[in-house]
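Notes to accompany the following structure.
The values are calculated or read from the model by the stated rules, or taken from the named source; none is laboratory data. Just so it is clear, the model here is predicted, and its values are computed rather than measured. Cβ placement follows ideal geometry from the backbone for every residue including glycine, while neighbour counts extend to all protein chains displayed.
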Amino acid sequence: MRLPCPICGERDRREFYYQGAAVALNRPAPDADADAWQDFVYLRENLPGDHQELWSHDAGCGAWLVVTRNTVTHAVLGAKLASEADR
Amino acid sequence: MANTLTLTATSPCYGLLPKTVGTCTLTETDLGTLTSVAPFKGRAVSDALKGAHGMAFPAPNRATGKDGARAIWFGRDMVLLAGPVPDPGLGDHAALTDQSDAWTCVTLSGEDAGAVLARLVPVDLRPAIFKQGHTARTQLGHMNASITRTGPDSFLILVFRSMAATLVHDLVTAMESLAARH
C-alpha cells in the first residue's frame, strides 16, 4: 500500500503510522454533555466503504494526514494535511 | 603536581569507517555545524538565508547550496543548515537549534551506490527520478534517515547519532551482498 503524502509525494506504507479514525479531529466543546464525549471517545462507524483515516508520516516529513481509503477495495482515494482538513 | 586529563571528541563512526567494498566506498562526513531552521509561522526565511549563507530556503524534497554550506529540507517546515555557524539574524525569522552532535553523517559513493540503497530504502533513488539536489526524509532499513544526492554516484546519508553502528552495519552488509554478485 502506498499513501500520497501532500508534501513528500507517494510513499510506501512503512513510512506511516495509523493514528485512528479522522473522527478525532472533531473534538466536542469542553462543556459538551457526556453523550457527546462518549460518542467522540468510544463510538466509531465501521461501515464498509470510504473511510477518513488519520496517518502520521513518521519516517518522512512528520505531517499528520487525513487519508480517504476504501475498506472494501483497499483503494487509497486521496490524502490531505490534517491541518487543512475540514473540521 | 596537578594531574592533567585530555579529552578528545570522537565522531559518531569513529573506528567504523571508512570502508570500501566492491565499487562502493562508505566514508564519514564532517558536515561542520548542523542547525535546524524552523521558520516562525507565516515568516519567509529564504532572503535572510540567501543573504547570510548564499543559498535559498529549499522546497520540500530539495537541498540547496554545495559542499561546505548546504541547506537540506528536513521535514515539514524545517531545514537543516549544514556547515556554517548560523547568522544570528536568522533567529529573527526562524527557531534555530544546534544539532551538531545529534546526527551520524556518512557519504556512500561509487558505481553501485544507488543499487546498495535500493536494497534498504523504499524510495526511488534512480538518477532520472532522484536528481542532484534532491533529498528525502525516509527510512533506511528500520532507521529514519535523510538521504541527499550529492553527485552522480554519491549520496549523503544522515541518521540519529545513536544509530551509527547499525547504519554502518546495514550499509556494509548491503555493499557486501551486492559485491558478491559481481
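Observations, loosely collected:
- Residue check, B:Ser36 of a type in the set (S, T, N, Q), within 30 Å of A:Ser56 (Cα to Cα) and in a loop (DSSP other than H, G, I, E, B): no
- Yes/no for A:Arg27 being free of Cβ contacts under 8 Å to residues at least 60 places away in the same chain and in contact with a Lys or Arg (Cβ under 8 Å, 6 or more places away or on another chain): no
So that you can scan it fast, the table gives a plain yes or no per residue for (1) surrounded by 10 or more Cβ atoms within 10 Å (Cβ to Cβ); (2) modelled with pLDDT of 95 or more; (3) charged (D, E, K, R):
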| residue | (1), (2), (3) |
| --- | --- |
| A:Arg27 | yes, no, yes |
| A:Pro30 | no, no, no |
| A:Ser56 | yes, yes, no |
| A:Cys61 | yes, yes, no |
| A:Val76 | yes, yes, no |
| A:Lys80 | yes, yes, yes |
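- Residues considered: A:Arg27, A:Arg44, A:Arg13. Of these, the only one that is within 12 Å of chain B (Cβ to nearest Cβ) and either more than 21 Å from A:Ala85 (Cα to Cα) or charged (D, E, K, R) (or both) is A:Arg13.
Okay, residues lined up against (1) modelled with pLDDT of 95 or more; (2) within 14 Å of chain A (Cβ to nearest Cβ); (3) buried (at least 21 other Cβ atoms within 10 Å of the Cβ):
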position	(1), (2), (3)
B:Ala95	yes, no, no
B:Ala102	yes, no, no
B:Cys105	yes, no, yes
B:Ser109	yes, no, no
B:Ala113	yes, no, yes
B:Pro122	yes, yes, no
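- Candidates are the residues of the stretch B:35-49 that are charged (D, E, K, R) and modelled with pLDDT of 90 or more; the one that is farthest from B:Gly68 (Cα to Cα) is B:Lys41.
- Selection within the stretch A:68-84 - more than 12 Å from A:Asp50 (Cα to Cα) and in a strand (DSSP E or B): A:Ala79, A:Lys80, A:Leu81
- Strands (runs of 3 or more DSSP E) wholly inside the stretch B:41-145 that include at least 2 residues being of a type in the set (Val, Ile, Thr) and within 18 Å of B:Thr27 (Cα to Cα): B:103-110
- Of all the listed residues (A:Asp39, A:Asp35), the sole one being charged (D, E, K, R), without any contact (Cβ under 8 Å) to a residue 24 or more places away in the chain and surrounded by 14 or more Cβ atoms within 10 Å (Cβ to Cβ) is A:Asp39.
- Take the conditions (1) closer than 29 Å to B:Leu158 by Cα; (2) more than 14 Å from chain B (Cβ to nearest Cβ); A:Leu65 misses just one of them, which is (2).
- When A:Val66 is tested against the conditions (1) of a type in the set (A, V, I, L, M); (2) loosely packed, with under 15 Cβ neighbours inside 10 Å; (3) more than 26 Å from B:Gly141 (Cβ to Cβ), the lone failure is (2).
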